[in-house]
Amino acid sequence: MVDTAEQCYMKELNKATYYVDEIKENLGTSVKQDLQLAYEKMCKLNRPIETAANWVKDAMSEEEKTFEQVRTWLEARKDDLIPIHELRSSLKLELVEFEKQETNKHEEDWFKKNVELEKMLIKDLPNITSVMQQNQRHS
């Protein structure tokens, strides 16, 4: 049973490694949707690997492997997940940075519009004042 669980783990790891390499190779773009899709893909890949690792631990326990044997297997597999976690973290950081840039751009646009509106109002202030005075005289 442990062998079957380890085969499942290796299958999931190989699949994840393939996608990590593919995402790294194709991710030269700074398009938010591409980053979002890649991040979601990495999150989805992580779950089956962790499930398979838990299955191996359970199978080892059922075959009465010692705690030390289980811990040794986990230590040996620990480095397997590093590229997946690193890529997922880096994608998340890029998405956060993208959000900050978008927020800054929206704020900058808003301030520019306000400045333009104020300039228009200041420019038209004499006309507005004149119209208001005329309206007061007619009242």
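Rule-based calculations on the coordinates, nothing more; no lab input. The structure presented is a predicted model; accordingly, all values stated were derived computationally and were not measured. Cβ: placed from backbone, ideal geometry, glycine included. Neighbour counts: every protein chain shown.
List of remarks:
- Cα shape, the range 1-48, gyration tensor, a/c 1.5 rule: oblate
- GNM flexibility winner over the chain from K41, K65, K57 (Cα, springs under 10 Å): K65
- Anisotropy class of the chain from Cα gyration tensor, a/c 1.5 cut: prolate
- Highest-MSF residue in the chain out of L13, L117, L87 [GNM, Cα springs under 10 Å]: L117
- Residue-count net charge about K24 - beta-carbon cut-off 14 Å; Lys, Arg +1, Asp, Glu -1: -4
- Residue order for H85, H138, fewest other beta carbons within 10 angstrom first, comes to H138, H85.
- Cα shape, the range 16-94, gyration tensor, a/c 1.5 rule: prolate
- Label-point separation in nm, L95 to E64, each point 7 Å along Cα→Cβ: 4.7 nm
- Within the range 1-87: Cβ-based charge dipole about Cα centre, in debye rounded to nearest 20 (Lys, Arg +1; Asp, Glu -1): 340 debye
- 20 Å Cα-Cα reach of K123 towards lysines, excluding residues that sit fewer than 8 places from it in its own chain: K112, K113
- Using θ = phi - 60° and Karplus 6.51 cos²θ - 1.76 cosθ + 1.60, couplings along the range 120-128 (whole Hz; Gly, Pro as x): 5, 5, 5, 5, 8, 4, x, 5, 5
- The GNM of the chain, with springs linking C-alpha atoms under 10 angstrom apart, assigns the highest mean-square fluctuation among E102, E116, E40 to E116.
- Farthest toward the positive end of the dipole of the chain, out of N104, P83, L35, is the Cα of N104, where the dipole comes from beta carbon charges about the Cα centre.
- The relative contact order of the chain, computed from alpha carbon pairs under 8 Å that lie at least 6 residues apart in sequence, is 33 percent.
- Order of R137, R47 under a 10 Å beta carbon neighbour criterion, fewest first: R137, R47
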